[in-house]
1. Residue by residue through region B:182-227, note down the ones that are part of a helix (DSSP H, G or I), over 23 Å from the mean Cα position of the chain (by Cα), buried (at least 18 other Cβ atoms within 10 Å of the Cβ) and more than 10 Å from chain A (Cβ to nearest Cβ).
2. Picking from A:Ser111, A:Ser74, which residue would you name as being within 9 Å of chain B (Cβ to nearest Cβ), surrounded by fewer than 18 Cβ atoms within 10 Å (Cβ to Cβ) and either farther than 16 Å from A:Arg146 by Cα or without any contact (Cβ under 8 Å) to a residue 40 or more places away in the chain (or both)?
3. Given the criteria among the aromatic types (Phe, Trp, Tyr), exposed (fewer than 12 other Cβ atoms within 10 Å of the Cβ) and part of a helix (DSSP H, G or I), does B:Trp100 qualify?
4. Report whether or not B:Gly245 is part of a helix (DSSP H, G or I) and away from chain A (no Cβ under 11 Å).
5. Give the residues of region B:168-186 that are in contact (Cβ under 8 Å) with a residue 60 or more places away in the chain and not aliphatic (A, V, I, L, M), sorted by residue number.
6. Which one of these is touching a Lys or Arg at 6+ places or on another chain (Cβ under 9 Å) and over 30 Å from A:Val94 (Cβ atoms): A:Val159, A:Val203?
7. Among the residues of region B:155-164, write down those that are small (Gly, Ala, Ser) and either out of contact with any Pro (no Cβ under 8 Å at 6 or more places or on another chain) or exposed (fewer than 14 other Cβ atoms within 10 Å of the Cβ) (or both).
8. On the given criteria, is A:Asp163 modelled with pLDDT of 90 or more, in contact with a helix residue (DSSP H, G or I) (Cβ under 9 Å, 6 or more places away or on another chain) and within 20 Å of A:Ile54 (Cβ to Cβ)?
Amino acid sequence: MTAYLKLDHIDKVFTRGAATTEVLKDINLTIEKGEYVSIIGHSGCGKSTLLNIIAGLTTATTGGVLLENREVNSPGPDRAVVFQNHSLLPWLTVYENVRLGVDKVFARTKSRAERDAWVMHNLNLVQMAHARDKRPSEISGGMKQRVGIARALAMEPKVLLLDEPFGALDALTRAHLQDSVMALHQKLGNTILMITHDVDEAVLLSDRIVMMTNGPSARIGEVLEVPLARPRKRLELATNATYLKCRQRVLEFLYERHRFVEAA
Amino acid sequence: MNMPATKIELETASPVAAPVVAMTPKRPPRTEAYARMARETAVRVIPPLVVIALLTLVWELVCRRAGSALPPPSKVFKDTKELILDPFFDHGGIDKGLFWHLSASLQRVALGYSLSAIAGIALGVLVGQSVWAMRGLDPLFQVLRTIPPLAWLPLSLAAFRDGQPSAIFVIFITSIWPIIINTAVGIRNIPQDYRNVAAVVQLNPLEFFSKIMIPAAAPYIFTGLRIGIGLSWLAIVAAEMLIGGVGIGFFIWDAWNSSHISEIILALFYVGIVGFVLDRLIAGLGKIVTRGTAQG
């Protein structure tokens, strides 16, 4: 297995005054190019912290992140993030939100006209070109998240980081958007790392599912391969034996062996 | 677990997305729209007019009697008719029409307020962005901002040895505090999400300032600017009474010294109107600039 993205012995300890909390303990993971990996765990298990470490928004206490064998410890467009709450800038239009990143990343390599075309290309990929001059407050939650995805894709990241991208959406929109992301992954072959707490979402989208134990000191409990051929069809999978088995495995992990403790 | 329910929803969802239907509100006939507009205007305009009329009536009745200290509105109008009708005369010195007095005051305010807007936003950004700047400067600000505007005047006269820059300094020092404090709060309240976006996109500090900070904090900044303009108009009238020269403040003081009570009342009326207009101006500007920043 060729390591494209490598998480190397990552520990994260939060210190507040004299109190220290170990959030993550000895996280090791290698991800291949083009792979779709999900990280699943109960809330508070530190999966978002882990994503922030990979994105460079937080630093690991010990250990590090290697992307193509180079250590990365500050944020950058090569690890673009799709944030849970879309995080579009409300004073910019849909187009300007995507353009912001494009202008920075391709400042030298693309001309103005090329950057404009590239923005529109990415808005087309997520079927949002029609709303280019709308402001985020004028479009629905699902549309905002589409724009968030376009903004991240437009930076041509080496790894696309999705932080519970569908968490704030209603079930219908979520399903629709999951299909879109699957289609994009199929088409563009991005390496994707997704944080989720939705078992079906994880099984449907991922090549591998990384299951995390409960915090504090969360570890990787188990890594499950999802040997389902792509393209995957939501309706057909509902009765697929492999799909159901994978789903069962994840559910068992989350609800039997690592039941969520409310008090934690 | 919500599995079975989710599945059923997904089945209905998967085939096609619902078509987008553009809705145009049904337009009522034009005359009806005008009638409604007139009604809405009347609702806003009539109550204050009634109140003003009643108050004027009471004032007239109270001050009409012989030996009353203040003139009734009818006398005020009679005494100040010339000033009202010709605000543009200029007989040299300080014997000028009210327009010139007001414009001199407004010029001082414009200069002092512009300086304080620039310095206030800059300091506010510094204090909002840097914890150390806040720790160092915030206590100082909290003490200095309680000093009454006029208390600065003797000191600034001593420093500048001239009335004009002193008055401008008083405007500056009066209006800067709310601008600093509100800007700092606005900067501190920039959501972490926007900072994360800026970090991922790798905006440099200058781009972060212009593309994230200022737009994100704009609603707060304009709150500060609006309080600031009100305070500077308050301060200029008081400061001008002391420094003399052309200006609405000294006009009032001069009228008092020559016992022209009616002129004082007229000047107060103008001061109120100008203050109101200034406030609306900044509020309107804020509305235009912060359009679209409401989160959704």
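1. Passing the criteria: only B:Phe208.
2. Values: A:Ser111 fails: within 9 Å of chain B (Cβ to nearest Cβ).
That would be A:Ser74, the only listed residue that is within 9 Å of chain B (Cβ to nearest Cβ), surrounded by fewer than 18 Cβ atoms within 10 Å (Cβ to Cβ) and either farther than 16 Å from A:Arg146 by Cα or without any contact (Cβ under 8 Å) to a residue 40 or more places away in the chain (or both).
3. Working: among the aromatic types (Phe, Trp, Tyr): yes; exposed (fewer than 12 other Cβ atoms within 10 Å of the Cβ): no; part of a helix (DSSP H, G or I): yes.
It is false that B:Trp100 is among the aromatic types (Phe, Trp, Tyr), exposed (fewer than 12 other Cβ atoms within 10 Å of the Cβ) and part of a helix (DSSP H, G or I).
4. Numbers: part of a helix (DSSP H, G or I): no; away from chain A (no Cβ under 11 Å): yes.
It is false that B:Gly245 is part of a helix (DSSP H, G or I) and away from chain A (no Cβ under 11 Å).
5. B:Phe172, B:Thr174, B:Ser175, B:Thr183, B:Gly186
6. On the way: A:Val159 fails: over 30 Å from A:Val94 (Cβ atoms).
Being touching a Lys or Arg at 6+ places or on another chain (Cβ under 9 Å) and over 30 Å from A:Val94 (Cβ atoms) holds for just one of A:Val159, A:Val203, which is A:Val203.
7. The initial filter retains those residues of region B:155-164 that are small (Gly, Ala, Ser), namely B:156, B:158-159, B:163.
Across region B:155-164, the qualifying residues are B:Ala158, B:Ala159, B:Gly163.
8. Details: modelled with pLDDT of 90 or more: yes; in contact with a helix residue (DSSP H, G or I) (Cβ under 9 Å, 6 or more places away or on another chain): yes; within 20 Å of A:Ile54 (Cβ to Cβ): yes.
Spelling it out, A:Asp163 is indeed modelled with pLDDT of 90 or more, in contact with a helix residue (DSSP H, G or I) (Cβ under 9 Å, 6 or more places away or on another chain) and within 20 Å of A:Ile54 (Cβ to Cβ).
The values are calculated or read from the model by the stated rules, or taken from the named source; none is laboratory data. Values in this document were obtained by computation on a predicted structure and should not be read as measured data. For neighbour counting, all protein chains shown are included, and Cβ atoms are generated from backbone atoms with ideal geometry for every residue, glycine included.
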